[in-house]
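Q: Right, I'll just put the structure down here and ask away after.
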Amino acid sequence: MTEITTKSYKELLPSVNTFIFDVDGVFTNGMVHIMPDGLLLRQLSVKDSYAIQYAIKKEYRIAIITGGNSMAVRDGLQSLGIQHIFLESKNKEKVYRDFAERESLNFSEILYMGDDIPDYDVMKLSGVAACPADASQEIKQISNYVSHKKGGEGCVRDIIEQTLRVQGKWFDKDALEW
């Protein structure tokens with residue numbers, strides 16, 4: 001487990017080369033609409049979507065670790081270029097450790113954004129722990145950064161943009177094309 005650091009989160013961002021996100025409560029506001037046919041609908045921010053595809057274009061590794069099992073969510077995230085999507089993750093820490101080992105990642109290079117208690121152990125391992133403004137109190141307490149944006153309202157874009165800005169990779173010629 002990483003030590004609790006007194007460094008500013010901006011001092012930690014230069015080492016980030018991998019973003020890992022939870023879905024519900026981070027990419028979404030946590031609300032799920034149940035359609036008459038039983039289909040569950042979630043709403044994602046187009047600003048988050050833009051930031052994801054841009055980070056991938058800049059060769060950042062992006063992964064999703066979620067307890068959910070929505071194929072529609074998987075398909076939507078894959079359409080942005082995310083290749084590492086782990087659905088039905090009952091033990092997020094195990095999935096996280098397996099992914100980091102498989103990709104030869106140092107935990108200090110990983111920024112994880114989660115919003116609720118199932119994300120707790122993974123966030124404690126990560127080099128940078130981030131959460132949306134409306135995350136649970138337990139998650140806010142261990143986060144290096146609490147976004148001013150709520151889940152589903154641009155918190156993913158917020159932390160990706162800040163990271164890329166600190167690293168001098170935001171808004172160049174690659175930014176002009178989706």
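Q: Do you know which residues across region 148-167 are surrounded by 23 or more Cβ atoms within 10 Å (Cβ to Cβ) and out of contact with any Gly (no Cβ under 8 Å at 6 or more places or on another chain)?
A: Selection gives C155, V156, I159, I160, T163.
Q: Do we find a residue being among the aromatic types (F, W, Y), in a loop (DSSP other than H, G, I, E, B) and under 27 Å from M71 (Cα atoms) anywhere in region 158-178?
A: So far as region 158-178 goes, yes, one or more of its residues are among the aromatic types (F, W, Y), in a loop (DSSP other than H, G, I, E, B) and under 27 Å from M71 (Cα atoms).
Q: Out of region 132-171, which residues are free of Cβ contacts under 8 Å to residues at least 40 places away in the same chain and touching a strand residue (DSSP E or B) at 6+ places or on another chain (Cβ under 6 Å)?
A: I139, K140, S143, V146
Q: Okay, next question. Of all the residues that make up region 140-178, how many are β-branched (V, I, T) and either more than 14 Å from the chain's Cα centre (by Cα) or over 21 Å from A63 (Cα atoms) (or both)?
A: So the count comes out to 2.
Q: Further question: Quick check on region 94-106. Is at least one of its residues surrounded by 15 or more Cβ atoms within 10 Å (Cβ to Cβ) and either touching a Gly at 6+ places or on another chain (Cβ under 8 Å) or within 23 Å of K47 (Cβ to Cβ) (or both)?
A: Within region 94-106, not a single residue is surrounded by 15 or more Cβ atoms within 10 Å (Cβ to Cβ) and either touching a Gly at 6+ places or on another chain (Cβ under 8 Å) or within 23 Å of K47 (Cβ to Cβ) (or both).
Taken together, the values in this text are just the output of simple stated rules run on the coordinates, not laboratory data. Nothing here was measured: the structure is a model prediction, and the numbers come from that model. Positions of Cβ are backbone-derived with ideal geometry, glycine not excepted, and every protein chain shown enters the neighbour counts.
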